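The values are calculated or read from the model by the stated rules, or taken from the named source; none is laboratory data. Since we're looking at a predicted model, the values are computed, not measured. Backbone-built Cβ (ideal geometry, glycine too); neighbour counts: all protein chains shown.
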Amino acid sequence: MLDKRRIEDKINIIENNLNDLKKFLDYSSDEFLSDYRNPASAKYLLQTSIEAMIDIANHIIASKRLKKPETSAQSLKILNKNDFISDEKLSNYIKMIKFRNRLVHLYNEIDNKQLYQILKNNLSDLEYFIKEIVKIL
């Protein structure tokens, strides 16, 4: 059975992280990059937001007894195949998971300028994911 409270808790994590991430939008690239704490914080907030996304996807899959995913990206594909999330954003969600994998496993190779561009251009993908999940609840 779908545990709405569990999903809502994960959504709250994403929303709280988004609020903190949006504070970086007021910074110029130089300001953001000039303090090592900014990229470090942004990386952690993005990573935990994407982890929460994956947790939500896996919970829905388990509760609906859908095909067990072999990868995190496959979790999102399964949600899409079963009409829980749209085709429109699926490729963006998969890119987010790939970025999370880089944050976790290739953390020393993350380009902080690219990170800044992600903050400037892609936070809306997390907001869209929340909207799609709230429809399920």
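Structure notes:
- Annotation: of all residues in segment 91-110 being over 27 Å from Ser63 (Cα atoms) and out of contact with any helix residue (DSSP H, G or I) (no Cβ under 9 Å at 6 or more places or on another chain), the one that is modelled with the highest pLDDT is His105.
- Considering residues of segment 128-137 that are in contact (Cβ under 8 Å) with a residue 24 or more places away in the chain and loosely packed, with under 13 Cβ neighbours inside 10 Å only, the residue farthest from Leu2 (Cα to Cα): Val134
- Checking every residue in segment 104-111 against the condition of being touching a residue at least 40 places away in the same chain (Cβ under 8 Å), of a type in the set (Phe, Trp, Tyr) and farther than 16 Å from Leu18 by Cβ gives at least one match.
- Filtered by the rule that a residue be hydrophobic (A, V, I, L, M, F, W, C), surrounded by 13 or more Cβ atoms within 10 Å (Cβ to Cβ) and part of a helix (DSSP H, G or I), segment 87-123 gives Leu90, Ile94, Met96, Ile97, Phe99, Leu103, Leu115, Ile118, Leu119, Leu123.
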